[in-house]
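Single-structure report; data block below.
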Amino acid sequence: MSGVADPIQTLANQQEAVRRLDALAGDPPQSIVVEGGTADERVALALYWAMKLNCRTGNPPCGTCPACRQIVDLAFNDLLFFDGREGLIKVDNVREARPVWGQPPNGDGYRVTIFAEAQQFMTESANALLKSLEEPRPGNVFILAAPQRERLLETLVSRSWVVTMAWPDIRTNSPEINEWTAALTGFWRSGRGWFERTSPKGAVDKDIALQIVLGMQRELRECLRGECASPVARAMSSYGPAGLRRIDLALCQAQEALNTQVPVNPALVLDWIATRMV
C-alpha cells in the first residue's frame, strides 16, 4: 500500500480541483467523490484533502510539518486508507473500521478516510459504508476516488459532493482497434456482424482483447467528457447515464477477466461484452 511521493507536486496540473477542495475546507462535507484524472492524481488529491484538514502551519498545507509528512507516508493517526489499487475492498475491512468512525478524531483536525479506486468496492462493502454515512459522526470525513462517478453505488454518490478533476489526455486508438470498436457498437445497434470477427480460430488473443477493451474505455471517457467526436463515442452517448454505467461495468469486468490468472478465452470475453448491450 502506498500513496504518492509528493501530492502537491502531483497536482500541478489539477489546480481547479485543488481550488474546489480549498473552498470546501471551511465546512467540510461528510463525503466527497473524486473522479477524473489519473489514479495517482486521484490519490494525491485525496491526500491533499487530508493535509488541508489537518495541517496547522500553512494555507495551503505546508507539506513539511509532522502531520503532512505522516499523511504522505500513510502513517497519520487520523487517516484510514483503503487501497482498491491492490484489489477488491472487502466488507470485513470496512466493518472493522466502523467503530473507529463512531469516535471523534484523535487530534484537533479531522479523521479522513480515503478509498482509493473505490470502484473496487464489493457490494457488501459499499452498503456497509453507506450505513456509516447515514449515521454521521462529527470530525469524520470520507473521500472516494474513482475514474468516473458512474462506477460507484448511486446512493454513495448521492450522499457526496463530487469533485471532477481534469480528465487525462485520451490517446487515439490504432486503426485496427478502431475497426473492432466500431464493429462492437455496430453490433449493439444491429445485432449483426460481430461473431464473424471473433469466431475464426486465432482471430483474437489476450493482447488484442485487452487493447479492444482499453480502446472502448477511451471512447467511453470521451463520451463522458461530452466530446463525442468519434462515431463510437457518439453511439455510446445515445445510451444515457444508466446505459453508460452498464457499458463501464461490462468493460471493467471484462478487463478483470482478461487480467486474471485463470485462463479465459479472449474471444468469449469480447462476445460477452457484445451481448451486454443488445
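The values are calculated or read from the model by the stated rules, or taken from the named source; none is laboratory data. Quick caveat, the model's predicted, so the values are computed rather than measured. Every residue, glycine as well, gets a Cβ built from its backbone with ideal geometry; the counts of neighbours run over all protein chains shown.
Which of the residues belonging to region 169-190 are outside any helix (DSSP H, G or I) and in contact with a helix residue (DSSP H, G or I) (Cβ under 6 Å, 6 or more places away or on another chain)?
Within region 169-190, 170, 173 qualify.
Could you grab me the full set of residues in region 10-36 that are assigned to a strand (DSSP E or B) and either aromatic (Phe, Trp, Tyr) or under 23 Å from residue 221 (Cα atoms) (or both)?
Scanning region 10-36 gives 32, 33, 34, 35.
List pairs: first in region 63-75 and farther than 17 Å from residue 111 by Cβ, second part of a loop (DSSP other than H, G, I, E, B) and of a type in the set (Ser, Thr, Tyr), Cβ under 9 Å, 6+ apart or cross-chain?
64/57; 65/57
Given the condition assigned to a helix (DSSP H, G or I), of a type in the set (A, V, I, L, M) and modelled with pLDDT of 95 or more, answer yes or no: does some residue in region 151-161 qualify?
The answer is no; no qualifying residue exists.
Please work out which residue is farthest from residue 33 (Cα to Cα), limiting yourself to region 98-120 and to residues that are surrounded by 13 or more Cβ atoms within 10 Å (Cβ to Cβ) and out of contact with any strand residue (DSSP E or B) (no Cβ under 6 Å at 6 or more places or on another chain).
Here the answer is 107.
Can you tell me which residue in region 235-276 is modelled with the highest pLDDT, limited to those that are of a type in the set (D, E, K, R) and closer than 24 Å to residue 195 by Cβ?
Result: 271.
Restricting to region 150-186, count the residues that are under 18 Å from residue 123 (Cα atoms) and either among the hydroxyl-bearing types (Ser, Thr, Tyr) or in contact with a strand residue (DSSP E or B) (Cβ under 6 Å, 6 or more places away or on another chain) (or both).
So the answer is 5.
Here are 51, 1: which of them is outside the structural domain of residue 134 (by TED's automatic domain parsing) and either of a type in the set (A, V, I, L, M) or modelled with pLDDT of 95 or more (or both)?
Working: 51 fails: outside the structural domain of residue 134 (by TED's automatic domain parsing).
Only one candidate passes the filter, namely 1.
Spot the failing condition for residue 34; the list is (1) buried (at least 17 other Cβ atoms within 10 Å of the Cβ); (2) in contact (Cβ under 8 Å) with a residue 60 or more places away in the chain; (3) among the aliphatic types (A, V, I, L, M); (4) more than 24 Å from residue 134 (Cβ to Cβ), and only one is missed.
Of (1) buried (at least 17 other Cβ atoms within 10 Å of the Cβ); (2) in contact (Cβ under 8 Å) with a residue 60 or more places away in the chain; (3) among the aliphatic types (A, V, I, L, M); (4) more than 24 Å from residue 134 (Cβ to Cβ), only one is false for residue 34: (4).
This table checks each residue for (1) in contact with a strand residue (DSSP E or B) (Cβ under 7 Å, 6 or more places away or on another chain); (2) under 13 Å from residue 112 (Cα atoms); (3) acidic (Asp, Glu).
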site: 12; (1), (2), (3): no, no, no
site: 18; (1), (2), (3): no, no, no
site: 28; (1), (2), (3): yes, yes, no
site: 42; (1), (2), (3): yes, no, no
site: 65; (1), (2), (3): no, no, no
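Which members of region 123-136 meet the condition of being of a type outside the set (A, V, I, L, M) and surrounded by 15 or more Cβ atoms within 10 Å (Cβ to Cβ)? I'd like the intermediate steps shown before the answer.
Initially, region 123-136 is screened for residues of a type outside the set (A, V, I, L, M), giving 123-125, 127, 131-132, 134-136.
Within region 123-136, 125, 127, 132 meet the criteria.
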